[in-house]
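Asks: Structure provided below as structure tokens; questions to follow.
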Amino acid sequence: MDGVHDLGGMQGFGPVEREENEPVFHAVWEAAVLAMQHAGRSRGLFNIDEFRHGIERMAPAHYLRATYYEKWLEGITRLLVEKGVVGAEELAARRVFFEGKPDASSATTLTGPPPARGAFNPRWAEDFIRETGATPRFAPGDAVCTREMHPPGHTRLPRYARGKRGVVHLCHGIHVFPDTNAHGQGEQPQPLYSVRFDARELWGESAEPNQAVHIDLWESYLLPGR
């Protein structure tokens, strides 16, 4: 989707501020959000593509203000409400409770049984390759052109790389297709390629000469080069 999250190649957002000796977490709650994301994915409550699309649907102004783990929390919350794991009224009540008692333990507000969980998937973090036997359409060295597309839902084809010419560097095999997996339309696995683009093909003469960018792109994003 064409949203505020797709910032690649855009200007005007200021410098990237690097924090010297940055800690893994800046607050205890950030570690809890990471644990929530891992728990949700490993138990099959949502997949990685649904998670990303949940973040992409944040209000633009909120997205630009939010920190990294605030974005994660927003995406997880949206998915758990949409899937009925947490009720909207229950969520609102717990928010009010903790606003009034910020030091309270979350366990003090549990009044019923925990939500049903799916079976644990021990390979949840790497479960994306599908050996379907499909023959890739393109091979290393093939010239390709990305589609000019503006899908309303999740996609891994960034705006700055649409309608651009590149060369296939390698094929990663057959992978789950995020554009359908994010919307409950099935995995629909297809070949995934690393495609090399000249930087000036992506950003024009303002890009440094003799520089290249490699982008992982699914087969349906690509057309034969022209």
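The values are calculated or read from the model by the stated rules, or taken from the named source; none is laboratory data. On a predicted model such as this, the values are computed, not experimentally measured, just so you know. When we count neighbours, we look across all protein chains shown, and the Cβ atoms used for this are built from the backbone with ideal geometry, even at glycine.
Asks: With the structure loaded, tell me whether Val4 is touching a Phe, Trp or Tyr at 6+ places or on another chain (Cβ under 8 Å), of a type in the set (A, V, I, L, M, F, W, C) and part of a helix (DSSP H, G or I) or whether it fails that test. Spell out the reasoning first.
Replies: On the way: touching a Phe, Trp or Tyr at 6+ places or on another chain (Cβ under 8 Å): yes; of a type in the set (A, V, I, L, M, F, W, C): yes; part of a helix (DSSP H, G or I): no.
No; evaluated as a whole, the condition is false for this residue.
Asks: Turning to a different aspect of this structure: For the condition modelled with pLDDT under 95 and in contact with a Phe, Trp or Tyr (Cβ under 7 Å, 6 or more places away or on another chain), what is the one hit in Arg94, Arg18, Arg43?
Replies: Values: Arg94 fails: in contact with a Phe, Trp or Tyr (Cβ under 7 Å, 6 or more places away or on another chain); Arg18 fails: in contact with a Phe, Trp or Tyr (Cβ under 7 Å, 6 or more places away or on another chain).
Result of the check over Arg94, Arg18, Arg43: Arg43.
Asks: Out of the residues in the range 172-189 that are in contact with a Ser or Thr (Cβ under 8 Å, 6 or more places away or on another chain) and surrounded by fewer than 18 Cβ atoms within 10 Å (Cβ to Cβ), which is farthest from Val213 (Cα to Cα)? Can you show your working first?
Replies: Pass one, the range 172-189, residues in contact with a Ser or Thr (Cβ under 8 Å, 6 or more places away or on another chain): 172, 174, 177-179, 186-189.
Now drop any that are not surrounded by fewer than 18 Cβ atoms within 10 Å (Cβ to Cβ), which leaves 172, 186-188.
Values: His172: 17, Gly186: 30, Glu187: 27, Gln188: 27 Å.
Looking at residues that are in contact with a Ser or Thr (Cβ under 8 Å, 6 or more places away or on another chain) and surrounded by fewer than 18 Cβ atoms within 10 Å (Cβ to Cβ), I get Gly186.
Asks: Another one. Within the range 187-196, does at least one residue satisfy the condition of being more than 25 Å from Thr132 (Cα to Cα), over 18 Å from the mean Cα position of the chain (by Cα) and at pLDDT 95 or above? Outline the logic, then answer.
Replies: If we filter the range 187-196 for residues that are more than 25 Å from Thr132 (Cα to Cα), which is where we start, we get 196.
Cutting the leftovers down to over 18 Å from the mean Cα position of the chain (by Cα) gives us 196.
Checking the rest, the ones that are also at pLDDT 95 or above come to 196.
Scanning the range 187-196 turns up at least one residue that is more than 25 Å from Thr132 (Cα to Cα), over 18 Å from the mean Cα position of the chain (by Cα) and at pLDDT 95 or above.
Asks: Looking at (1) at pLDDT 95 or above; (2) in the same structural domain as Pro189 (by TED's automatic domain parsing), which is the only condition Arg137 fails?
Replies: Going through (1) at pLDDT 95 or above; (2) in the same structural domain as Pro189 (by TED's automatic domain parsing) one by one, Arg137 breaks only (2).
Asks: A further question on this structure: Being aliphatic (A, V, I, L, M), in contact (Cβ under 8 Å) with a residue 24 or more places away in the chain and either part of a helix (DSSP H, G or I) or touching an Asp or Glu at 6+ places or on another chain (Cβ under 6 Å) (or both) is the filter here; which residues of the range 50-85 pass it?
Replies: First, the residues of the range 50-85 that are aliphatic (A, V, I, L, M): 55, 58-59, 61, 64, 66, 73, 76, 79-81, 85.
Next, only the ones that are in contact (Cβ under 8 Å) with a residue 24 or more places away in the chain stay: 55, 58, 64, 73, 76, 79-80, 85.
Scanning the range 50-85 gives Ile55, Met58, Leu64, Leu73, Ile76, Leu79, Leu80.
Asks: If you scan the range 167-226, which residues turn out to be closer than 24 Å to Gln11 by Cα and either free of Cβ contacts under 8 Å to residues at least 12 places away in the same chain or not assigned by TED's automatic domain parsing to the domain that holds Leu157 (or both)?
Replies: Arg200, Gly204, Glu205, Ser206, Ala207, Glu208, Pro209, Asn210
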